[in-house]
């Protein structure tokens with residue numbers, strides 16, 4: 001019996017899975033064809049979800065005793081019952097009031113499919129990566145902490161360390177020099193608190209597995225429509241690569257016009273443009289958010305469509321230079337769907353990016369320019385992987 005039941009289960013048509021697969025296929029096709037319109041919505045996220053225009057039916061659940069009465073004429077099926085005639089049939093055939101609703105006469109209300117934001121981003125990434133034919137990121141990602149029997153190579157010296165890693169040679173030499181300087185005698189009179197040097201691993205040989213990413217958005221002027229579309233597409237593709245490179249991504253969001261404010265993720269993707277442009281305010285707030293951040297690779301992504309105010313130009317230049325010193329990489333996106341010439345402060349950044357290894361500049365005009373920006377961004381990791389850690393033994 002059990003074997004027959006298992007065989008039956010194997011032959012069953014999984015209608016729920018078929019329906020889910022069909023739904024997923026339609027959803028992908030919809031996002032592929034309508035991504036540009038969806039991503040331009042001023043309020044992209046509402047209560048943590050993205051609304052689409054795909055309709056589905058809320059099918060009713062049949063209930064006993066529905067308030068709507070239905071007329072029915074029964075055939076007395078209970079033999080011997082009152083009014084039952086020969087053969088158990090109801091002699092009177094009277095009409096009776098039954099509860100419930102007639103199948104097919106009631107339809108559920110039409111609903112719009114809503115996606116969790118993370119699911120929307122994943123689907124959008126699939127579409128964008130395919131459209132731009134971007135390369136896969138081949139660097140393996142470490143998933144948390146793992147134990148290894150490999151012994152770390154101790155290739156540097158420090159004044160603080162474990163007693164087992166004490167470097168006797170450096171400690172004795174330091175003791176000899178200290179005694180000669182302080183007491184005028186060449187004695188090896190070691191004072192561990194003053195003379196000890198320890199073997200440690202060179203910090204430059206570590207690779208961070210965490211990133212702090214600060215996204216700064218200019219919300220002045222015309223930052224809507226196609227402008228927002230380019231920014232959001234760029235950010236989604238950045239996330240695709242950053243999430244493969246780093247198991248932990250700490251993300252912070254800033255919007256600026258005359259002043260800058262930190263926002264939540266949902267607010268950042270739903271903010272309304274207004275006000276003037278002070279790019280220096282965006283850089284200042286981004287650097288404030290680095291307070292207390294250690295052991296992270298630090299990235300700044302700034303997006304603006306216009307020029308900073310004339311009174312802000314010199315201050316913006318100074319803040320940009322300061323940001324280059326504070327972040328591992330500063331990516332400046334000039335949002336320019338019309339393909340106009342680059343000038344003013346954006347031109348200054350473009351020139352600086354040619355000279356500074358920690359800076360990139362992207363003139364974001366269309367998807368092709370986003371693809372070029374991603375190639376330059378990935379090149380940063382290639383160059384970093386090619387650098388050899390330098391020893392900094394202090395003597």
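Overview of values
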{"read-out": "Residue in region 303-315 that is surrounded by fewer than 22 Cβ atoms within 10 Å (Cβ to Cβ), touching a helix residue (DSSP H, G or I) at 6+ places or on another chain (Cβ under 8 Å) and either within 25 Å of residue 381 (Cβ to Cβ) or not assigned by TED's automatic domain parsing to the domain that holds residue 216 (or both) present", "value": "no"}
{"read-out": "Condition met for residue 290 (surrounded by 17 or more Cβ atoms within 10 Å (Cβ to Cβ) and either at positive phi or assigned to a loop (DSSP other than H, G, I, E, B) (or both))", "value": "yes"}
{"read-out": "Residues located in region 258-287, provided they are touching a strand residue (DSSP E or B) at 6+ places or on another chain (Cβ under 8 Å), surrounded by fewer than 22 Cβ atoms within 10 Å (Cβ to Cβ) and not in a helix (DSSP H, G or I)", "value": "261, 262, 263, 264, 270, 271"}
{"read-out": "Pairs, first touching a residue at least 12 places away in the same chain (Cβ under 8 Å) and not assigned by TED's automatic domain parsing to the domain that holds residue 227 in region 31-43, second surrounded by fewer than 16 Cβ atoms within 10 Å (Cβ to Cβ) and outside any helix (DSSP H, G or I), C-beta under 6 Å, six or more apart", "value": "40/225; 43/270"}
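The values are calculated or read from the model by the stated rules, or taken from the named source; none is laboratory data. Bear in mind the structure is a predicted one, so any value in this text is a computation, not a measurement. Every residue, glycine among them, receives a Cβ derived from its backbone with ideal geometry; neighbour counts consider all protein chains shown.
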